[in-house]
Amino acid sequence: MKILDIATKLNQIKDTLPPQVTLVAVSKTKPIADILEAYQAGQRIFGENKIQEMAQKQEALPKDIKWHMIGHLQRNKVKYMAHFVDLIHGVDSMQTLIEINRQAEKHNRVINCLLQARIAQEETKFGLPFDEIAQILKSDDLKSLKNISIVGLMGMSSFTDDLNQIKTEFKSLNTFFTKLKTQNTKLEILSMGMSGDYQLAIECGSNMVRIGSSIFGERNYVTN
Ligand SMILES: *Cc1c(COP(=O)(O)O)cnc(C)c1O
């Protein structure tokens, strides 16, 4: 039984967000009806972590929704979202940027991307070390990719209860982002923070939070 409905939880979270912070409602694994409930409460940005699931939902739902891909990317599936995706958060290789550019070109679009930074201690997390991000941003290869635009960075903290560690990780990414911004005016978005740690992420400089379970409830199966 639902205790609070989706619209109520969404509005409670929105009320706590400072004006510069954009909310991505993470609807992965959730049905169309749940997304519509959030949509009717005014939410327009939704995040998914599987390309084909996102594409199916995009077809079924209102066309003014902005779809964000927040999961790890399988390069061979980029083509299924190239015609509509609004922002890709989890880009962590040059090869993936090249493929996004190739597919975006077919649709005559420029696709906005975030580079995913590796800030967590765990081995399992995806993402690029800071020095590789700096290298990509100044590379000639990037300049030749006319159909992508790197507009910011994304990071995920370690899966831990140690708030000090999470804070250290978020702060390190914010410091790096702030430094990069002085050389690259297109960088605007710092995507950090999920249900469990978004308030801390905002304190550490995040301006885009990706919140799923606090809006839609727990997910029924483990994703990734
Ligand atoms: C699932 C997911 C989220 C949302 O997680 P919640 O804890 O449900 O808020 C945010 N970011 C990424 C990359 C995710 O995969």
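Just the number, please: Stokes-Einstein D of segment 1-74 in µm²/s, Kirkwood Rh from C-alpha pairs, 4 °C, 1.567 mPa s.
On the way: Rh = 13.0 Å.
So the translational diffusion coefficient is about 100 µm²/s.
Just how many pairs of Lys in segment 74-224 have C-alpha atoms closer than 19 Å, counting pairs that are eight or more places apart or on different chains?
17
Check which residues have an amide H placed less than 5 Å from residue 66's amide H, if you skip close sequence neighbours.
45, 46
Could you derive backbone 3J(HN,Hα) for segment 209-214 from the dihedral phi with the Karplus parameters 6.51, -1.76 and 1.60 (θ = phi - 60°), listing whole Hz in sequence and x where the residue is Gly or Pro?
10, 10, 10, x, 4, 5
Restricting things to alpha carbons, find the Rg to Rh ratio for the chain using the Kirkwood radius for Rh. All intermediate terms of the calculation are to be shown ahead of the outcome.
On the way: Rg = 16.9 Å, Rh = 17.8 Å.
On the Cα set of the chain, Rg over Rh gives 0.95.
Order 98-106, 177-185 from most to least packed using the mean count of other Cβ atoms within 10 Å.
Working: 98-106: 19.0, 177-185: 13.4.
For the peptides 98-106, 177-185, the packing ranking is 98-106, 177-185.
Identify the residues of segment 183-201 with backbone N under 19 Å of a label point that sits 7 angstrom from the Cα of residue 66 along the Cα-to-Cβ direction, or state none.
185-194
Provide the convex hull volume over Cα atoms per residue for segment 93-153, in Å³.
Values: hull volume 4.7 nm³, N = 61.
So the per-residue Cα hull volume is 76 Å³.
Mind checking the full-extension length gain between residue 5 and residue 144? Use 0.36 nm per residue of separation minus the Cα-Cα distance, one decimal, nm. Numbers along the way, then the final one.
On the way: separation 139, 0.36 × 139 = 50.04 nm, distance 4.73 nm.
Computed gain between residue 5 and residue 144 is 45.3 nm.
Along its three principal axes, how long is segment 42-142 when you only count alpha carbons? Whole Å, largest extent first please.
40, 31, 25
How much length is gained if the chain between residue 16 and residue 98 is pulled fully straight, taking 0.36 nm per residue apart and subtracting their Cα-Cα distance, in nm to one decimal?
Computed gain between residue 16 and residue 98 is 25.7 nm.
A short reminder: the numbers here are calculations on the coordinates, not readings from a lab. Every value quoted in this text rests on a predicted model; they were computed, and no experiment measured them. Cβ atoms come from the backbone with ideal geometry, glycine included; neighbour counts cover every protein chain shown.
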